[in-house]
1. Could you pull out the residue among G88, G57, G78 that is over 20 Å from Q228 (Cα atoms) and touching a strand residue (DSSP E or B) at 6+ places or on another chain (Cβ under 6 Å)?
2. Condition first: modelled with pLDDT of 95 or more and not in a helix (DSSP H, G or I). Can you find one or more residues in segment 333-344 that meet it?
3. When segment 197-226 is examined, which residues are found to be touching a residue at least 24 places away in the same chain (Cβ under 8 Å) and farther than 28 Å from A89 by Cβ?
4. Which of the residues that make up segment 19-48 are among the hydrophobic types (A, V, I, L, M, F, W, C) and surrounded by 20 or more Cβ atoms within 10 Å (Cβ to Cβ)?
5. Go through segment 381-427 and give me each residue that's closer than 30 Å to Y6 by Cα and hydroxyl-bearing (S, T, Y).
6. Confirm whether T185 is out of contact with any strand residue (DSSP E or B) (no Cβ under 8 Å at 6 or more places or on another chain), surrounded by fewer than 17 Cβ atoms within 10 Å (Cβ to Cβ), hydroxyl-bearing (S, T, Y) and in contact (Cβ under 8 Å) with a residue 40 or more places away in the chain.
7. Which one of the conditions (1) surrounded by fewer than 20 Cβ atoms within 10 Å (Cβ to Cβ); (2) in a helix (DSSP H, G or I) does I275 fail to meet, given that it meets all the rest?
8. Answer yes or no as to whether F262 is among the aromatic types (F, W, Y) and in contact with a strand residue (DSSP E or B) (Cβ under 6 Å, 6 or more places away or on another chain).
Amino acid sequence: MEQITYDKLQETLYHEKMDNGLEVYVLPKPGFSKTYATFSTKYGSIDNHFKVEGQEGIKVPDGIAHFLEHKMFEEPEGDIFSTFASNGASANAFTSFNQTVYLFSATDHVYQNLETLVNFVQHPYFTDQNVEKEKGIIGQEIGMYQDNPDWRVYFGLIEALYKVHPVHIDIAGTVESIGTITKETLYTCYNAFYHPSNMLLFVVGGVDPEKVFTLVRDNQNKKNYPPQGQIERIFKDEPESVAESKKVTHLPVSLPKCLFGFKDTHLGFTGEQLIRRDLVTKLMLDLLFGSSTKLYQKLYDLELISDSFGHEYNSDPNYSFSAIGGDTRDPDLLIATIKEEVAKLSETGFSREDFERAVKKKIGGFLRMMNSPENIAHEFTRYHFRGGDLFSVIQMYESMTLEEVNDRLREHANWNQLAVSVVVSPK
């Protein structure tokens, strides 16, 4: 058991790598009554074309990672949710572009629930019958999201930004793509991506690290996982240009919804480089569009934005993009006004005073986040899967420079790489 101390954060993280490759991290929080655990695989919706070392490459249906997540909760003896509930735990799961996460939170029977979490994720149960039944359930879910304006404006933006990369495909896939899923395909994906060497278990809260490691060690020693080679994720070359400059979707909405974003062209960053770029970009977007900025106030005074206005940045070694916007009375005027103001800021740069205040705000937000077991678990896993360390974030903020953020503004706010997604009511 490795012990890693972060003096500045007054946190001690414990780590052990099991013989089968499973990474286990425990962050004890003395005085916390709740424990939160995540069991995650580095496998998401974009991983639809891959090759395991020593095997043939395979292309699988879109939406299969999400479909697999749904099916994992079904056991021969029934639904696993009831098992968690009987031990006072709340369980859930989600699939994103690049990971699938299974989780529970509990204040009691923590170690029993932890064993349940590890066991059910490592015990797939797929039959022809339960796979066919799930197609109808997920088909309804897909239909529900197709009627959701917020979801449509978001994925409309990604579809406008990306032409080839699978990030532009809905995480749940389509009714047509999931219709081709079989239990055999599910087992193929499960065996490739749910091998312990591709997974991470994170436990945070009022737990004893030694008890957790003993439990997991004993649990894994009872299971047989032959070594697995590297997984190669295969992506076609994505054009630098956006797929389309503007995408319009018609749905009944009281006000138009508008999201716009920039597609990065310099990619391939990993580890600390990727994390730093992520942090610098998010800080830059806060300086541009945060609720205390002059631009935000101007847009608000012009009644072009409401409290729904926000921004985010998504990054991975082979894609990265921003998404900015919300409800607006006039999408074209909103974009034009922002373009004018961003052009001025690109010339002058941000002020040192605003930069230093934004850095302090980010550090404060990070320290507040350290009181949330849920956020710690999810952020740690997200950083780890990208080769970074969540607990190095404050050091990165402290070493950040104004020049670095200004340069990032000029690089990212490239109007040739802009795409816009709008949802408006049918005429």
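The values are calculated or read from the model by the stated rules, or taken from the named source; none is laboratory data. In this text the structure is predicted, and so the values were computed from the model without any measurement. Please note: Cβ atoms are built from the backbone with ideal geometry, for glycine as well, and neighbour counts cover all protein chains shown.
1. Only one candidate passes the filter, namely G88.
2. Taking every residue of segment 333-344 in turn, none turns out to be modelled with pLDDT of 95 or more and not in a helix (DSSP H, G or I).
3. Hits for segment 197-226: nothing passes.
4. Once the filter is applied, which keeps residues that are among the hydrophobic types (A, V, I, L, M, F, W, C) and surrounded by 20 or more Cβ atoms within 10 Å (Cβ to Cβ), segment 19-48 yields L22, V24, V26, L27, A37, F39, I46.
5. T381, Y383, S392, Y397, S399, T401
6. No, not satisfied.
7. (1)
8. yes
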